[in-house]
Amino acid sequence: MTVRLDEMTSPELDARVKAGPPVVILPTGAFEQHGPHLPLGTDAMIPQRLAERVAAQIDALVAPTLSYGYKSQPKSGGGNHMPGCASLDGATYTLMVRDLICDFARHGLTKIVLFDGHMENQMFLTEAADLSLRALKSEGITDVRIVKMGYWISINAALEKVLFPDGLISWELEHAAVMETSVMLHLAPDLVRRDLIPDHPPADFPLYDVYPFDPASVSHSGALSSAAGATAEKGKAVVETLVPELARQITEAFQNMTV
Ligand SMILES: [Zn+2]
């Protein structure tokens with residue numbers, strides 16, 4: 001039986017809901033440059049593939065991935081000016097997520113996980129959760145419970161040592177670098193341009209931000225630090241550590257909700 005909502009029929013889904021609402025995981029990503037070596041859809045592909053593995057472990061379902069996200073930021077994603085980035089304004093993105101949560105809930109899918117692969121989405125997901133609960137309450141629907149997480153939350157010290165045996169430079173500069181490249185080498189090896197994996201010093205940003213942003217103020221490959229240390233074995237370690245741990249955390253989150 002599929003874990004994907006888009007592969008189910010309406011009566012099949014209805015029967016699942018009537019048997020007790022399943023957890024629905026909504027992967028949220030971005031369409032964002034990931035250097036010369038990773039595809040534009042990296043931030044959507046990783047959470048989608050992890051979500052399908054997590055769902056299989058806890059009998060959950062996976063909603064169609066939201067493959068567009070909030071704008072790429074220079075210090076965490078290279079910046080929205082880079083070729084190929086297509087993003088949503090914060091208000092648009094928030095309302096898209098709000099609308100989907102509301103419609104899922106109206107059809108009885110009341111346990112929702114916002115499962116993020118793009119850091120810039122985070123606070124807009126928080127806002128979408130808040131607005132959807134408020135809207136649903138006004139319709140008399142009060143049994144909706146939402147869990148928000150980035151897929152990276154369960155990266156622990158042991159995994160960090162596997163990924164960065166010589167020490168982690170900074171998670172902020174990990175965009176299109178060792179972690180994402182390793183995970184893609186494991187999950188989607190045919191999509192990684194191995195001969196173009198960048199190896200250069202980490203990007204160096206001022207502590208402040210200025211607007212309008214000057215694209216000339218950053219010169220980098222699109223990766224914010226070297227991806228040369230990436231391997232498929234490291235990616236496998238990440239996936240094999242994260243999937244059971246995220247499954248455990250989702251289960252725990254819904255069990256522990258007291259309001
Ligand atoms: Zn990314």
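Please go through the range 72-92 and give me each residue that is among the hydroxyl-bearing types (Ser, Thr, Tyr) and within 16 Å of the ligand (Cβ to nearest atom), ordered by number.
72, 76, 87 - these are the residues of the range 72-92 that are among the hydroxyl-bearing types (Ser, Thr, Tyr) and within 16 Å of the ligand (Cβ to nearest atom).
Tell me the residue from 52, 32 that is touching a helix residue (DSSP H, G or I) at 6+ places or on another chain (Cβ under 7 Å) and not aromatic (Phe, Trp, Tyr), please.
32
Would you pick out the residues in the range 16-56 that are of a type in the set (A, V, I, L, M), within 10 Å of the ligand (Cβ to nearest atom) and in a strand (DSSP E or B)?
Listed by number, the list holds a single entry, 38.
Being surrounded by 15 or more Cβ atoms within 10 Å (Cβ to Cβ) and either among the aliphatic types (A, V, I, L, M) or free of Cβ contacts under 8 Å to residues at least 12 places away in the same chain (or both) is the filter here; which residues of the range 144-161 pass it? Spell out the reasoning first.
First, the residues of the range 144-161 that are surrounded by 15 or more Cβ atoms within 10 Å (Cβ to Cβ): 144-152, 154-155, 159.
Those that are surrounded by 15 or more Cβ atoms within 10 Å (Cβ to Cβ) and either among the aliphatic types (A, V, I, L, M) or free of Cβ contacts under 8 Å to residues at least 12 places away in the same chain (or both): 144, 146, 147, 149, 155, 159.
Hey, could you check the range 150-167 for residues that are over 11 Å from residue 238 (Cα atoms) and within 16 Å of the ligand (Cβ to nearest atom) and say which is nearest to the chain's Cα centre (by Cα)?
Result: 150.
Pairs needed: first member in the range 64-81, of a type in the set (A, V, I, L, M); second member anywhere, assigned to a helix (DSSP H, G or I); C-beta distance under 8 Å; at least 6 residues apart or different chains.
Filtered contacts from the range 64-81: 66/44; 66/96; 66/97; 66/100.
Restricting the search to the range 180-220, which residues are in contact with a Leu (Cβ under 8 Å, 6 or more places away or on another chain) and of a type in the set (Val, Ile, Thr)?
181, 192
Check residue 210 against each of (1) more than 30 Å from residue 113 (Cα to Cα); (2) surrounded by 14 or more Cβ atoms within 10 Å (Cβ to Cβ) and name the one condition it does not meet.
Going through (1) more than 30 Å from residue 113 (Cα to Cα); (2) surrounded by 14 or more Cβ atoms within 10 Å (Cβ to Cβ) one by one, residue 210 breaks only (2).
Might you let me know whether the range 58-67 holds any residue that is in a helix (DSSP H, G or I), more than 13 Å from the ligand (Cβ to nearest atom) and more than 13 Å from the chain's Cα centre (by Cα)?
yes
Could you check how many residues of the range 109-123 are away from the ligand (no atom under 16 Å from the Cβ), closer than 19 Å to residue 91 by Cβ and touching a strand residue (DSSP E or B) at 6+ places or on another chain (Cβ under 7 Å)?
Within the range 109-123, residues that are away from the ligand (no atom under 16 Å from the Cβ), closer than 19 Å to residue 91 by Cβ and touching a strand residue (DSSP E or B) at 6+ places or on another chain (Cβ under 7 Å) number 1.
So which residues in the range 135-159 are assigned to a helix (DSSP H, G or I) and touching a Phe, Trp or Tyr at 6+ places or on another chain (Cβ under 9 Å)? Before you say what the answer is, go through the steps one by one.
First, the residues of the range 135-159 that are assigned to a helix (DSSP H, G or I): 135-138, 151-154, 157-159.
Hits for the range 135-159 are 151, 152.
Out of the residues in the range 170-194 meeting the condition of being away from the ligand (no atom under 16 Å from the Cβ) and in contact (Cβ under 8 Å) with a residue 40 or more places away in the chain, tell me which one is nearest to the chain's Cα centre (by Cα).
Ranking the qualifying residues of the range 170-194, first place goes to 189.
When you scan the range 108-134, how many residues do you find that are touching a Gly at 6+ places or on another chain (Cβ under 7 Å) and assigned to a loop (DSSP other than H, G, I, E, B)?
Residues that pass the stated criteria total 2.
Values in this text are rule-based calculations from the coordinates and carry no lab data. For clarity, every value in this text was computed on a predicted model and none was experimentally measured. Here Cβ is always computed from backbone atoms with ideal geometry, including for glycine, and neighbour counts include all displayed protein chains.
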